[in-house]
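A short reminder: the numbers here are calculations on the coordinates, not readings from a lab. The model shown is predicted, which means the values in this text are computed figures rather than measured ones. A quick note on method: Cβ atoms are made from the backbone with ideal geometry, for glycine too, and the neighbour counts reach across all protein chains shown.
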Amino acid sequence: MDGHIPEELITKIIGSQDIVEVISRYISLKKSGQNYKGLCPFHSEKTPSFVVSPAKQLFHCFGCGTGGNVITFLMKQDNAGFSEVVRRLGNDAGITIEGVTKDNKREVLIYEVNKLAASFYYENLINAKEAESARNYLLKRGLDREIIKKFNVGYGISSWSSAYDFLKKKGFQEDSLLKTGLIIPRTKGTGYYDRFRERIMFPIYDIQKRIVGFGGRVLDNSTPKYLNSPETPVFIKGNLLYGLETAKDAIIETGYAIIVEGYMDVIAAHQAGITNVVGTLGTAFTPNHLRILQRLCKVVVLTFDSDTAGINAALRTLDVFIGSTVEAKVLLLPEGEDPDSFIRENGKANFVELVQKSIGIIDFAIGRIINRKTNGDGVLSKETKLRHAEDCLNIIRKVPNRIEQDYQLTRVSKDLKIEKDVLYAELKRKSKGEKAVQPEKIKKNNVRSQGIEEILLTLIIKDKSLRILAKENLDIKDFVNPVYQKIAAYVLISGKELNDLLHTEELDQDVRSEITRMALSDLQFELPEKNLFEYIKVLQRERLNQELKKIEQELYTAEIAGTFEKVRSLLIAKQGLLQRKKLLYEN
């Protein structure tokens, strides 16, 4: 197995997908002429600039410049490798890819090591004498053997190298084990030791049910209380949700996901029969978490402690959801409670009742501002009113939904006793004062001029029949812009289909994005074939003029130097260029 996925198989897999259907799992798309439009998932925007073409099976964001085909989209959206995305799409279409590609060999090895390590930790927890304290701890926390097995909970014993020795006996070398983060090189002398010792072990799965890393919790008060695997090619904390592989079906069925913070919170909820619960891995809720969930549900309930830290954490998630198609709600638990303790003490029904009473995150944020403590007399001073109104408007102006804006303005007007018209005028003034979001600059030489080179490339990219004519009449050297030269070379010389160009490793992502931008531009031509030849002539004339200038400079140098043979050859070359130029202007 050489690890290569045949190009014809990649083309077949791409052809088996509908890019509109795939992208619609992640964002809301609306029909716009022959294409579809939506808010770009890769940058914050209020006006849709993300275009998807069902005819060309391409997407492009005219705001941030990102573009490509269905593979490109999923690689960026899911932070996944090329081979992983191709295999996943192949599986969806029932197309089998034999062998292991070079790109994912390292990832497969990590999955294999982690799977064996998880079974080792699980056996420790169930059978090892040293794990008795861990078993007692979990028993006190109300976990039964069935839920422990379901989540594959384990234990890392106190030995410095028990996991390392076990995995070495299974045939894995140190360099492979180091990539998983399960072992650490000794700082003094030689050898390695286990990262996780005397910790309850929680295997962390991706949505494909592969173990990508671990979280370990101590039984005492030592620090750190929780220790996660270091980031690896398959383990990035901000891209993962604990328990998602188990909760996925329930999230889809109920239409919402409940987000908690700890491993034990997730497991306790599932044991109680609340199975649409997932947890963050010691990080705040991130845009990547939202991207994962928005293809599964339309509502997310964020669960926080009711202390100041919990409230501030809830408020920090606001910007993640602004402009999203997912509705965010906030559930504040009673003081001193976490989901695990609340469910154990009060039961499933009372927790579900709290979930049903959760409030929208914008309502929550506005409410926290309006109800902030005064100086003690309960009366808001003029200065306090102004400050509260200012803070509320800073939130409301971010909301893209006009109905929601109007509702919140009405609420603020009533609670702060400020005329709604005054608030609206101030909101309008603030919005006008905002600087327009500038598209991300294209790197290096990726110049986005609207000159002849770009128009010509747009013509041949949008029309396959014109590519054949251009190939016969156009030279790559006719392009001055190096990026456009590169695009022309691949579009014309390679002879590949447009979609196939977008997964070649020889093209930078910036160049591929330029191709999709041109392919999905609204530039129209009444007489495309006539326009093609006119633009080719313009480029060729410009190229001849540049070559003539160069020869004139060389002639001047040769005449001064007295190298008459050189002068003679340059004059002949100049005559030839002048003749070609004359023919170009005559035709």
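Take the Cβ atoms of residue 139 and residue 429, set R0 to 60 Å, and the FRET efficiency comes out at 0.45. If I take R0 = 35 Å and measure r between the Cβ atoms of residue 401 and residue 312 in this structure, what FRET efficiency does the formula 1/(1 + (r/R0)^6) give, to the nearest 0.05? Here the calculated transfer efficiency is 0.90. Here the simple spin-label model places points 7 Å from the Cα toward Cβ, and for residue 298 and residue 130 these points are separated by 5.2 nm. The gain in end-to-end length when the residue 16 to residue 548 segment is fully stretched comes to 186.4 nm, 0.36 nm per residue minus the alpha carbon separation. The rule of thumb for compact globular proteins, 2.2 N^0.38 Å, goes into the C-alpha radius of gyration of the chain 1.25 times. Centre-to-centre separation between the Cα atoms of the range 67-96 and those of the range 169-197: 32 Å. Taking the range 372-433, how many lysine pairs are there with alpha carbons less than 14 Å apart, if each pair must be eight or more places apart or span two chains? The number of close lysine pairs in the range 372-433 is 9. For the listed residue pairs 209/237; 105/188; 129/149, the alpha carbons are over 27 angstrom apart in 105/188. Scaled against 2.2 N^0.38 Å for its residue count N, the alpha carbon radius of gyration of the range 7-93 is 1.05.
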